[in-house]
Amino acid sequence: RVLEEMMMRAGIPYRVYGGTRFYDRKEIRDVIAYLRLIVNPLDEVALKRIINVPKRSIGEATVAALEAHAVEADIPLYSTLTDLPPALSSRPRKCVTDFVELMNKLVASRESMPLVDFLQMLLKETGLLAQYEDTNDEELITRRENILEFVGAVQEFQDQAEDITLEAFLEHIALVTELDRQEDAPQHITLMTLHSAKGLEYEAVFIAGMEDGLFPSYRSKQDERRMEEERRLCYVGM
């Protein structure tokens, strides 16, 4: 994330090889969708993305019923959360009501809290971070680390920006991701993992983040086999 943002700030074209850009990753887009919905309840794309993330038993059938009711009553989709379709059964009704209470709590809290504190509260209250905890699954651990990196991005923004409102942060992200997609430059820096670099040749290679805990990773330090793999990767890069 830091490398991507600095490239954009410096106007240096780059591409991510064999991976997804930071702000395009599922777990990051989920957090951003919550933030967007808090700022603008009429954002139906954000609402539909996170109404059941993490899973809270609001399935596709419930969302379809809400959408049909919104069209029929000619009201925004968010309004149907408090003006529920009569045909909705008690269980989905309870789940939707709980979701509305959660959103109301978040909306009420954001004005009175610093941006980073509010984000941490949001992650806790929604369960966005908890869903990736207590696991040995490498992918889930990476998703959790990405969310924590996003918290770091918000902290950086709070420390450096003049306007530290949630709206200003979302504008900052929108600008970053817009610059992010200007991929037509003939010359560019390629960002890749050391695994991906194997067998490729470049005139110049920079191994970034070569520091204790990152490379070698903190998970490899307790396991000699993993440590040996880190040594091989280092050799690939060199």
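The values are calculated or read from the model by the stated rules, or taken from the named source; none is laboratory data. The shown structure was predicted, so the numbers you read here are calculated from the model rather than taken from an experiment. All Cβ positions, even for glycine, are placed from backbone atoms using ideal geometry, and neighbour counts span all protein chains on display. Surface areas here come from the heavy atoms of the whole protein model, side chains and all, with no ligands, DNA or RNA. Shrake-Rupley method; radii C 1.70, N 1.55, O 1.52, S 1.80 Å.
Classify segment 123-238 as rounded, prolate or oblate from the Cα gyration tensor: take a ≥ b ≥ c as the square roots of its eigenvalues, call it rounded if a/c is under 1.5, otherwise prolate when a/b beats b/c and oblate if not. Cα axes put segment 123-238 in the oblate bin.
Just checking the listed ones, 173, 164, 207: in the Gaussian network model of the chain with Cα springs under 10 Å, the one fluctuating most is 207. The protection proxy used here, the mean number of other Cβ atoms lying within 10 Å of each residue, ranks peptides 115-123, 56-64 as follows, highest first: 115-123, 56-64. Solvent exposure of residue 78, expressed as accessible area, is near 50 Å², computed with a probe of 1.4 Å over the protein chains only.
When the Cα atoms of the chain are aligned to their principal axes, the ranges along those axes come out at 65, 39, 34 Å in descending order.
Accessible area per residue for the chain, computed on protein heavy atoms with a 1.4 Å probe, is 61 Å². Using the rule -39500 (n - 2.57) for each DSSP H run of four or more residues, divided by the residues of the chain, the 222 nm mean residue ellipticity is -18000 deg cm²/dmol. Taken about its Cα centre, segment 35-162 carries a charge dipole of roughly 540 debye when the Cβ of each Lys and Arg holds +1 and the Cβ of each Asp and Glu holds -1. Given a Förster distance of 35 angstrom, what is the FRET efficiency for residue 208 paired with residue 162, based on the Cβ-Cβ distance and rounded to 0.05? It comes to 0.75.
What shape does segment 78-173 have by the C-alpha gyration tensor, where a ≥ b ≥ c are the square roots of the eigenvalues, rounded means a/c under 1.5, and otherwise prolate means a/b greater than b/c and oblate the rest? It comes out oblate by the Cα gyration axes. Short-range pairs are left out: with C-alpha atoms under 8 Å and at least six residues apart, the relative contact order of segment 111-238 is 18 percent. Extension gain, residue 55-residue 137: 0.36 nm per intervening residue step, less the Cα-Cα distance, totals 27.6 nm.
For segment 145-238, applying the loop criterion from DSSP together with a ceiling of 16 other beta carbons within 10 Å to the GluC sites (Glu not before Pro) yields 162, 183, 201, 203, 211. Placing one identical point scatterer on every Cα of segment 190-238 and ignoring solvent, what is log10 I(q)/I(0) from the Debye formula at q = 0.23, 0.24, 0.30 Å⁻¹? The computed values of log10 I(q)/I(0) come out as -0.85, -0.91, -1.23. Both radii were evaluated on the Cα set of segment 86-139; the Rg over Rh quotient, with Rh as the Kirkwood radius, amounts to 1.12. Counting protein heavy atoms only, the chain has 52 percent of its accessible area on carbon and sulfur, 1.4 angstrom probe.
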